[in-house]
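In what follows, a structure is listed as structure tokens, so that the remarks can point back to it.
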Amino acid sequence: MPQFLSALFILTFFSGSFTFAEVLRVNVYDLPPHIFTLNEEPEGPGITFFKDYVKLPNTEVRWVATPFARVLWDMQNKKVDVALFLVPSPEREKYMRFSKTPLFTTSSAIIIPRNSPLTRATSLKDFRGRTLGHSKDSFTPTELLKHGIKIEPLSGENVIERNLQKIRAKRLDGIFIPTASNGEYILRKLRVDDQYQVFVVPDTTLNLHVAFRKDIDEKTYQMVEAALKKNQRIYRKLLDQQLSK
């Protein structure tokens, strides 16, 4: 009997009906309230959405959590296959392929102290000559530089929290954040929203996409794209649940 089972296993294996799961390496970075990576296992509505609504058959998703500054390097050097919540740009499109359907749409913003004269700002022109903290290698609108705004990049974890310390030390005038929801959430969780406010930059609609290695297989790309198109509204519901906590 054991010999028969061994022969059956070999026959099944080589006949092609026995398949191994492929591994899809998905890069995530800490982006509250969408993704939280500072615990042992990444979590948040972005993770839940990908697990429950972007299901790829015979595929094991392996989460790779890194600081944001590492995300682009990993994608460029093919250390990962997919990254979540990235903004397309001509430079990034040289080595990444982006989903047609965005995962989330937001606006850019600037965190400023409530006792700053910048609270009266109505456009980026009012920030001319000011210094803003920013996450290294993150999306930076060209309009910031056009208006003579100085950007001071910072890498690593807890960038907003560390830049708030710089504001208190009078080393920064504010913090530029590509996604307004990220700044609003962190200020509320830190219980400092009575000390700082979020200035939403006018006319800065920003689409956050799923990014793929340039040479990702077409089947995987199309399956993820179809899932995004079908379930885009569901992500908004998952995010609202997180924001209500």
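Below, the figures for the structure above:
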{"quantity": "Failed criterion for ARG92 (all others in (1) free of Cβ contacts under 8 Å to residues at least 60 places away in the same chain; (2) out of contact with any strand residue (DSSP E or B) (no Cβ under 6 Å at 6 or more places or on another chain) hold)", "calculated": "(1)"}
{"quantity": "Condition check for LEU239: part of a strand (DSSP E or B) and under 19 Å from GLY44 (Cβ atoms)", "calculated": "no"}
{"quantity": "Complete set of residues in the stretch 85-102 that are under 18 Å from VAL54 (Cβ atoms), in a loop (DSSP other than H, G, I, E, B) and not small (Gly, Ala, Ser)", "calculated": "LYS100, THR101, PRO102"}
{"quantity": "Restricting the stretch 73-94 to residues that are surrounded by fewer than 21 Cβ atoms within 10 Å (Cβ to Cβ) and under 15 Å from the mean Cα position of the chain (by Cα), the residue that is farthest from PHE139 (Cα to Cα)", "calculated": "ASP74"}
{"quantity": "Matching residues, the stretch 184-236, being assigned to a strand (DSSP E or B) and either over 16 Å from the mean Cα position of the chain (by Cα) or among the acidic types (Asp, Glu) (or both)", "calculated": "TYR196, GLN197, VAL198, PHE199, VAL200, VAL201, PRO202, ASP203, THR204"}
{"quantity": "The stretch 30-69, residues that are of a type outside the set (Lys, Arg) and part of a helix (DSSP H, G or I)", "calculated": "PRO45, GLY46, ILE47, THR48, PHE49, PHE50, ASP52, TYR53, PHE68, ALA69"}
{"quantity": "Among the candidates PHE98, PHE68, residue that is assigned by TED's automatic domain parsing to the domain that holds THR48, surrounded by 15 or more Cβ atoms within 10 Å (Cβ to Cβ), modelled with pLDDT of 95 or more and out of contact with any helix residue (DSSP H, G or I) (no Cβ under 7 Å at 6 or more places or on another chain)", "calculated": "PHE98"}
{"quantity": "Breaking point among (1) among the polar types (S, T, N, Q); (2) in contact (Cβ under 8 Å) with a residue 12 or more places away in the chain; (3) in the same structural domain as ASN58 (by TED's automatic domain parsing), for GLN197", "calculated": "(3)"}
{"quantity": "Elements of type strands (runs of 3 or more DSSP E) in the stretch 103-162, at least 3 residues being buried (at least 16 other Cβ atoms within 10 Å of the Cβ) and hydrophobic (A, V, I, L, M, F, W, C)", "calculated": "104-113"}
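The values are calculated or read from the model by the stated rules, or taken from the named source; none is laboratory data. No experiment lies behind these values; they were computed from the predicted model shown. FYI the Cβ positions are ideal-geometry reconstructions off the backbone, even for glycines, and counts take in every protein chain you see.
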